[in-house]
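As structure tokens, the structure follows; a few thoughts come after it.
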Amino acid sequence: MIKLVDLLNERGFQVIFPEDFSLEEQFAMQLRAKRIVAIHGAALAPLLFRKPSHGSFQLVELHTPGHFVP
């Protein structure tokens, strides 16, 4: 059984743990990213400050099983 992280690594993604970086570094990484695959949570908050001038990007947000949004 292949793990999602292995599949993403094969496609050039890099695993990043936001808590290992300063707030400024987290903002910079997310504003430069072209593609983001992330677990739903507060670590995605810097995306709220992303402007069209930062360029387009793709976001795949992973939710836990049972997550429900009406």
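Where a number appears in this text, it was derived from the coordinates with a stated rule and is not lab data. No experiment lies behind these values; they were computed from the predicted model shown. Counting neighbours? That spans all protein chains shown, and the Cβs are built from the backbone with ideal geometry, glycine included.
Working from Cα positions, state the angle (0 to 90°, nearest 10) between the long axis of helix 23-32 and the longest principal axis of the chain. The answer is roughly 80 degrees.
Debye-formula intensities of the chain, expressed as log10 I(q)/I(0) at q = 0.12, 0.19, 0.23, 0.29 Å⁻¹, are -0.37, -0.89, -1.18, -1.43 (one equal scatterer per alpha-carbon, no solvent).
Couplings 3J(HN,Hα) of the stretch 11-21, computed from phi: 9, x, 6, 10, 7, 10, 9, x, 5, 7, 10 Hz, in residue order, whole Hz [Karplus 6.51 cos²θ - 1.76 cosθ + 1.60, θ = phi - 60°; x for Gly and Pro]. In this simple spin-label approximation, Arg50 and Lys3 carry label points 7 Å from Cα along the Cα→Cβ vector, and these lie 2.5 nm apart. Placing a pseudo-label 7 Å from each Cα along the Cα-to-Cβ vector at Phe68 and Ala42 gives an inter-label distance of 2.6 nm.
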